[in-house]
Amino acid sequence: MTMKLAVIGYPLGQSKSPVIYNHWIEKYGVDAVYGPLEIAPDTFESRIRSMIDEGYGGFNITIPYKEKIIPLCAELDDTARAIGAVNTVKITDGKLFGTNTDAYGFIQNLKEETGKTDFKGKAVVLGAGGAARAVVYALKQENFDEVLILNRTRERADIIARDMDAGTDEWEKRNELLADTTLLVNTTSLGMTGQPPLDIDVSALPADAVVYDIVYKPLMTDLLKDAKNKGNQIVTGIGMLLNQARPAFELWTGIAPDMEPALRDELLK
Ligand code: ATR
């Protein structure tokens with residue numbers, strides 16, 4: 001029987017997930033269909049239940065349902081529980097199993113792009129939204145001496161820091177706090193197409209620091225341009241998008257897809 005898969009969210013306008021999964025479905029000859037499924041908030045729960053009845057094998061979850069799906073899951077893995085959000089569900093015997101592949105996607109991309117597997121020093125994370133939770137969780141799994149969260153609304157940073165044993169400081173001090181930083185990550189929406197710019201001066205960053213922007217539209221954000229001009233290594237967000245999709249595809253199909261430049265290029269169109 002053809003496996004039905006989807007990405008759910010509201011609104012879904014810009015989701016790149018169908019391009020990614022349909023590329024792999026075709027490439028590996030999997031008997032599956034993957035499509036976007038926009039679900040209005042007032043029908044969320046009933047729509048999920050009807051997906052079970054319709055025989056869906058699984059789905060990805062994007063804004064604004066990554067937390068709302070949790071009470072509907074019969075089981076969560078440790079990562080989803082620690083992050084407090086689910087981005088991938090597998091349905092077996094009518095029951096939802098929830099996981100979160102965002103942290104893996106984030107750190108795998110960092111490792112692939114830098115060629116490093118061992119990290120030291122201080123990581124600074126800008127932002128304290130849902131994306132930041134996955135990023136801080138991933139960084140805490142590595143060997144950084146310190147993970148510091150800076151967010152306009154300090155209270156949101158404090159909550160993540162408490163949950164994940166990280167530190168926080170004032171958003172206003174972001175420029176000076178870069179002086180002894182080894183990794184700077186932007187998880188805010190600032191710098192994204194259609195959003196305000198990220199106001200940061202990277203001149204204090206050490207020369208060997210890595211700058212990572214999880215925004216991929218545009219691929220080269222102003223933050224990354226500034227860092228590159230200064231001679232710092234940069235990591236763009238597109239690889240995180242691909243790397244968070246790989247374990248989801250494997251969970252549903254048993255196939256671990258390759259990373260291909262062609263797919264990466266297709267996503268950047
Ligand atoms: P997501 O779940 O995708 O990370 P989010 O929860 O809306 O999205 O978080 C967006 C992040 O961008 C937050 O850290 C937000 O800061 P606040 O917590 O203070 O809202 C940050 N952000 C958005 N607009 C901002 C701005 N103009 N200046 C500074 N930070 C901003």
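Across the range 182-198, what is the number of residues that are more than 15 Å from the chain's Cα centre (by Cα) and among the polar types (S, T, N, Q)? Walk me through it before giving the result.
If we filter the range 182-198 for residues that are more than 15 Å from the chain's Cα centre (by Cα), which is where we start, we get 182-184, 190-191, 193-198.
Subset that is among the polar types (S, T, N, Q): 182, 193, 195.
Looking only at that region, the number is 3.
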Exercise. Taking the condition within 16 Å of the ligand (Cβ to nearest atom), touching a residue at least 24 places away in the same chain (Cβ under 8 Å) and surrounded by fewer than 18 Cβ atoms within 10 Å (Cβ to Cβ), does Glu67 pass?
Worked result: yes
Problem set entry | Odd one out for Glu250, checked against (1) in contact (Cβ under 8 Å) with a residue 12 or more places away in the chain; (2) over 16 Å from Glu113 (Cβ atoms) | (1)
Exercise. Based on what the data block shows, is Ile255 more than 17 Å from the chain's Cα centre (by Cα), among the hydrophobic types (A, V, I, L, M, F, W, C) and closer than 30 Å to Gly29 by Cα?
Worked result: yes
Problem set entry | Val89 vs. criteria within 16 Å of the ligand (Cβ to nearest atom), within 18 Å of the chain's Cα centre (by Cα), of a type in the set (A, V, I, L, M) and not in a helix (DSSP H, G or I) | no
Seminar exercise, completed: In the set Thr193, Thr188, Thr168, the lone residue that is within 23 Å of Thr114 (Cβ to Cβ) and either within 12 Å of the ligand (Cβ to nearest atom) or not basic (Lys, Arg) (or both) is Thr188
Problem set entry | Failed item, numbered, when Arg81 is tested on (1) within 23 Å of Val215 (Cα to Cα); (2) within 17 Å of the chain's Cα centre (by Cα) | (1)
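Quick check on Asp102: is it closer than 21 Å to Ile159 by Cα and more than 16 Å from the ligand (Cβ to nearest atom)? Even if it seems obvious, please write down each step before you answer.
Values: closer than 21 Å to Ile159 by Cα: yes; more than 16 Å from the ligand (Cβ to nearest atom): no.
No, not satisfied.
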Seminar exercise, completed: The residue from Glu75, Glu26, Glu45, Glu54 that alone is of a type in the set (D, E, K, R), exposed (fewer than 15 other Cβ atoms within 10 Å of the Cβ) and within 25 Å of Ile160 (Cα to Cα) is Glu75
Problem set entry | Neighbours by Cβ (under 7 Å, 6+ apart or cross-chain): first from the range 99-112, without any contact (Cβ under 8 Å) to a residue 24 or more places away in the chain; second β-branched (Val, Ile, Thr) | Lys111/Thr117
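Scan the range 124-165 residue by residue and report those that are of a type in the set (Asp, Glu), more than 10 Å from the ligand (Cβ to nearest atom) and more than 12 Å from Ile83 (Cα to Cα). Even if it seems obvious, please write down each step before you answer.
Keep residues of the range 124-165 that are of a type in the set (Asp, Glu), which gives 142, 145-146, 155, 158, 163, 165.
Within this subset, residues satisfying the condition of being more than 10 Å from the ligand (Cβ to nearest atom) are 142, 145-146, 158, 163, 165.
Once the filter is applied, which keeps residues that are of a type in the set (Asp, Glu), more than 10 Å from the ligand (Cβ to nearest atom) and more than 12 Å from Ile83 (Cα to Cα), the range 124-165 yields Glu142, Asp145, Glu146, Asp158, Asp165.
Quick note: the coordinates plus some simple rules give every number you see, no bench work behind them. Just so you know, these numbers come straight off a predicted model, no measurement behind them. Glycine also receives a Cβ, built like all others from the backbone with ideal geometry; neighbour counts cover every protein chain displayed.
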